[in-house]
Structures are given as C-alpha cells and as structure tokens.
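Q: Please read through the structure below; I'll follow up with questions.
The values are calculated or read from the model by the stated rules, or taken from the named source; none is laboratory data. What you see is a predicted model; the values in this text were computed from it and never measured. Cβ placement follows ideal geometry from the backbone for every residue including glycine, while neighbour counts extend to all protein chains displayed.
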C-alpha cells in the first residue's frame, strides 16, 4: 500500500529543481532573459489601477492601454477612470508618467535584475504557482526608485522571474514610507510579462495606501510585421493568474 502511495505522490508533485550555485542560477536567468529581450518585438496590453485609502475613504480606478515597442519605450492611453480626482491626478497619473519617462530615457538596462545592477544570494528552492523555483535575495548596487530590495522567484525550467517581493531601493518621496510590493508574472506565448502588482505604503499624513495593478489582454506583435494593425497575436492573461515579464519591461 505505502509503495503505491509513494508512487502516486511522486507522480503528482513537480520535480525538484536541479542543485545549482547562485552563480549558475543567475547565469541561466540572464542568458534566458537576454534571449527574450532580443526577440520581443513589442506588445500592447491593458492595465487596471485600483487605489484605496481607508483612513479618508478615498478610492479611484483607472483603465489604461499600454503600448511597448521593441526598444522598451512605453505609451499610455487612459480609457476609463472613476473615483477621487485628486488620487487620479496626483497619484495614478504620476505613477504612469514616471514609468513612461523612464522607458523613454532608456533606463531599462540600468534597472534590470542583472549582476551589474544587483548582488544575489541563493536562499532555497521551493514550489511556487505549481512550479519548482529558486528563491534568491537581491540587493541593488545603486539607489533607484525603480529597483527593488527583496527576493525573486526564478522558474526552474524557463529561468524567468515569476515573482518579486520587496521594497524600492530608494524612497520616491519624503511623504511616503514603508513601501512593500509584490509583483507576479506569467508566460504569455514565449514571453514572461507582469500580471499583478500589489503595493502598500504608509503616507505620513494620509495613512495606509494600497494600490493594485492588474495586467491583462496582452497582444504580442509579430516580428516580421510590427507596423501593421494586423501584426499582433492576441494573448489573454487573466488578472490574478501567476505571472512575470522576465524581461521586466
């Protein structure tokens, strides 16, 4: 009886990751990520921003279409918005503007999770979202609000980042403190793109703020026909499924 049970359990559980050093894991991750970055022709996708502040009962939502070209530069189009006008103007739109400006300045290479930008420490292996993964601690080499101090989960098969947890390496504002974020990714076709981002921040006056971003309805452009309207492959990523843009664009 017990041998049969053992066979059944072994057949259900995902295979354990191969034992590797931190250098080997990072080398595989960088190699796979560089290949995805080089071959991603661009994409369009939808985002839904949700903001909540319970202390002052402030809530806002915004639905945005994002277009990212092959260089990583992004353009944003607001399709719908509701809730607090102050939040939409001074928080959500500023988040969007900061991301757009960073992408236009080509800061992607300076913030990618690579050895020239981060130090790594291998903590353990574990199963996340049903797949074996390596868990690494990451420490930015420079302070930047678009870099994260925390942990990453690297898929043991694709060597893509499937989860990031931590806080910004640099506080974006004197008025905000104790920011904690979780970003999750999923495979969309051959690429890994973000599907959810959850952040919590303590503001010195306004108390706890929570922001959730859902990413969905991705369309990956075809490399041989980037310019035409028919040059896109429709890939749905339902909000709440596991996820990652291993190429973190």
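Q: So which residues in segment 61-101 are more than 17 Å from the chain's Cα centre (by Cα), farther than 21 Å from residue 210 by Cβ and modelled with pLDDT under 95?
A: Listed by number, the residues that qualify are 69, 70, 71, 101.
Q: Within segment 99-119, is even one residue within 30 Å of residue 57 (Cβ to Cβ) and surrounded by 16 or more Cβ atoms within 10 Å (Cβ to Cβ)?
A: no
Q: Now for a different question. Residue under question is residue 78, and the condition is that it be surrounded by 14 or more Cβ atoms within 10 Å (Cβ to Cβ) and either in contact (Cβ under 8 Å) with a residue 24 or more places away in the chain or touching a helix residue (DSSP H, G or I) at 6+ places or on another chain (Cβ under 7 Å) (or both); does it hold?
A: no
Q: Regarding segment 198-209, can at least one residue be identified that is touching a residue at least 24 places away in the same chain (Cβ under 8 Å), out of contact with any helix residue (DSSP H, G or I) (no Cβ under 6 Å at 6 or more places or on another chain), assigned to a loop (DSSP other than H, G, I, E, B) and under 25 Å from residue 63 (Cβ atoms)?
A: Yes, some residue in segment 198-209 is touching a residue at least 24 places away in the same chain (Cβ under 8 Å), out of contact with any helix residue (DSSP H, G or I) (no Cβ under 6 Å at 6 or more places or on another chain), assigned to a loop (DSSP other than H, G, I, E, B) and under 25 Å from residue 63 (Cβ atoms).
Q: Of these, 179, 213, which one is closer than 22 Å to residue 58 by Cα and either assigned to a loop (DSSP other than H, G, I, E, B) or in contact (Cβ under 8 Å) with a residue 60 or more places away in the chain (or both)?
A: The unique qualifying residue is 213.
Q: Right, here's the next one. For segment 102-124, state whether one or more residues are over 20 Å from residue 36 (Cα atoms), within 18 Å of the chain's Cα centre (by Cα), outside any loop (DSSP other than H, G, I, E, B) and modelled with pLDDT under 95.
A: Yes: one or more hits.
Q: Can you name the number of the only condition in (1) closer than 23 Å to residue 72 by Cβ; (2) surrounded by fewer than 21 Cβ atoms within 10 Å (Cβ to Cβ) that residue 193 fails?
A: Only one criterion in (1) closer than 23 Å to residue 72 by Cβ; (2) surrounded by fewer than 21 Cβ atoms within 10 Å (Cβ to Cβ) is unmet by residue 193, namely (2).
Q: Moving on. Determine which single condition residue 140 fails, assuming it passes every other condition in (1) surrounded by 16 or more Cβ atoms within 10 Å (Cβ to Cβ); (2) modelled with pLDDT of 95 or more; (3) under 28 Å from residue 29 (Cα atoms); (4) touching a helix residue (DSSP H, G or I) at 6+ places or on another chain (Cβ under 8 Å).
A: Checking residue 140 against (1) surrounded by 16 or more Cβ atoms within 10 Å (Cβ to Cβ); (2) modelled with pLDDT of 95 or more; (3) under 28 Å from residue 29 (Cα atoms); (4) touching a helix residue (DSSP H, G or I) at 6+ places or on another chain (Cβ under 8 Å), the one that fails is (4).
Q: Ok, one more. Working carefully through the options 99, 70, 77, find the one that is in a helix (DSSP H, G or I) and more than 19 Å from residue 203 (Cβ to Cβ).
A: Unique residue meeting the criteria: 99.
Q: Still on this structure, I have one more. Would you pick out the residues in segment 16-60 that are under 24 Å from residue 152 (Cα atoms), surrounded by fewer than 14 Cβ atoms within 10 Å (Cβ to Cβ), in contact (Cβ under 8 Å) with a residue 60 or more places away in the chain and over 19 Å from the mean Cα position of the chain (by Cα)?
A: Within segment 16-60, 16, 18, 21 qualify.
Q: Let me ask something else. Taking the stated definitions as given, is residue 159 in a loop (DSSP other than H, G, I, E, B), surrounded by 14 or more Cβ atoms within 10 Å (Cβ to Cβ) and modelled with pLDDT under 95?
A: No, not satisfied.
Q: Given the criteria modelled with pLDDT of 95 or more and over 19 Å from residue 123 (Cα atoms), does residue 218 qualify?
A: For residue 218, the condition - modelled with pLDDT of 95 or more and over 19 Å from residue 123 (Cα atoms) - is met.
Q: For segment 170-183, does any single residue satisfy the condition of being buried (at least 19 other Cβ atoms within 10 Å of the Cβ) and more than 16 Å from residue 198 (Cα to Cα)?
A: Scanning segment 170-183, I find no residue that is buried (at least 19 other Cβ atoms within 10 Å of the Cβ) and more than 16 Å from residue 198 (Cα to Cα), so the answer is no.
Q: Which residues, taken from segment 127-149, are touching a residue at least 24 places away in the same chain (Cβ under 8 Å), more than 17 Å from residue 191 (Cβ to Cβ) and in a strand (DSSP E or B)?
A: Scanning segment 127-149 gives 127, 128, 132, 133, 134, 136, 138, 140, 148.
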